[in-house]
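Notes to accompany the following structure.
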Ligand code: AMP
Ligand code: ZN
């Protein structure tokens, strides 16, 4: 047991999940950022000059599965995103900026069922979005 195991299964893991495999290093990724709880890596099919995914390492299926106890983790994720966006080449606000997207469920366009935030930006035109 680690010091984290007593709190809402923060290390929950799905062995069949693509992003859990990326978190584990079983599938390679181009890392943008990593700490104890969060990982960011470049999207394999970028829509724009900057397009990375920011994920909790813990297997949270989607935004529909988020509870109050996830607020600190997701707060950290949201607070980290602007810094990484700038470091990855998004231009400064207000002329620049970036888009953050969290697809949720089938009607929300979610394909990978491990919560992830798309951070998309850079000079237009973009392929999508
Ligand atoms: P979503 O539709 O929000 O579930 O988006 C899933 C995203 O994951 C898509 O933009 C894919 O291009 C991206 N993706 C799928 N496989 C990989 C991978 N192995 N490495 C990086 N990004 C991936
Ligand atoms: Zn997962």
Report summary line: Among residues of segment 37-52 being more than 23 Å from residue 16 (Cα to Cα) and not in a strand (DSSP E or B), the residue farthest from ligand 2 (Cβ to nearest atom) is 49
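Conditions tested, residue by residue: (1) closer than 29 Å to residue 15 by Cβ; (2) touching a helix residue (DSSP H, G or I) at 6+ places or on another chain (Cβ under 6 Å); (3) more than 16 Å from ligand 1 (Cβ to nearest atom).
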residue: 45; (1), (2), (3): yes, no, no
residue: 57; (1), (2), (3): yes, yes, no
residue: 66; (1), (2), (3): yes, no, no
residue: 69; (1), (2), (3): yes, no, yes
residue: 88; (1), (2), (3): no, no, no
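Taking into account only those residues within segment 113-128 that are surrounded by fewer than 12 Cβ atoms within 10 Å (Cβ to Cβ) and under 21 Å from residue 94 (Cα atoms), which is modelled with the lowest pLDDT?
The selected residue is 128.
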Report task. For residues that are buried (at least 20 other Cβ atoms within 10 Å of the Cβ) and within 20 Å of residue 113 (Cβ to Cβ), tally how many sit in segment 40-54. Result -> 6
Query raised in the report: Among the numbered criteria (1) free of Cβ contacts under 8 Å to residues at least 24 places away in the same chain; (2) away from ligand 2 (no atom under 16 Å from the Cβ), which single criterion is violated by residue 34?
Result: (2)
Query raised in the report: What is the one condition in (1) at pLDDT 95 or above; (2) within 13 Å of ligand 2 (Cβ to nearest atom); (3) surrounded by 12 or more Cβ atoms within 10 Å (Cβ to Cβ) that residue 16 does not satisfy?
Result: (3)
Query raised in the report: Which condition number does residue 75 fail, the rest of (1) within 15 Å of ligand 1 (Cβ to nearest atom); (2) free of Cβ contacts under 8 Å to residues at least 12 places away in the same chain; (3) part of a helix (DSSP H, G or I) being met?
Result: (1)
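Criterion first (under 22 Å from residue 22 (Cβ atoms), at pLDDT 95 or above, surrounded by fewer than 11 Cβ atoms within 10 Å (Cβ to Cβ) and more than 16 Å from ligand 1 (Cβ to nearest atom)) does residue 83 satisfy it? Give the steps one after another, and end with the answer.
Details: under 22 Å from residue 22 (Cβ atoms): yes; at pLDDT 95 or above: yes; surrounded by fewer than 11 Cβ atoms within 10 Å (Cβ to Cβ): yes; more than 16 Å from ligand 1 (Cβ to nearest atom): yes.
The answer is yes for residue 83.
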Query raised in the report: Within segment 82-129, how many residues turn out to be in a loop (DSSP other than H, G, I, E, B), in contact (Cβ under 8 Å) with a residue 24 or more places away in the chain, within 16 Å of ligand 2 (Cβ to nearest atom) and touching a strand residue (DSSP E or B) at 6+ places or on another chain (Cβ under 9 Å)?
Result: 5
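The values are calculated or read from the model by the stated rules, or taken from the named source; none is laboratory data. All of these numbers come straight from a predicted model, not from anything done at the bench. Cβ atoms come from the backbone with ideal geometry, glycine included; neighbour counts cover every protein chain shown.
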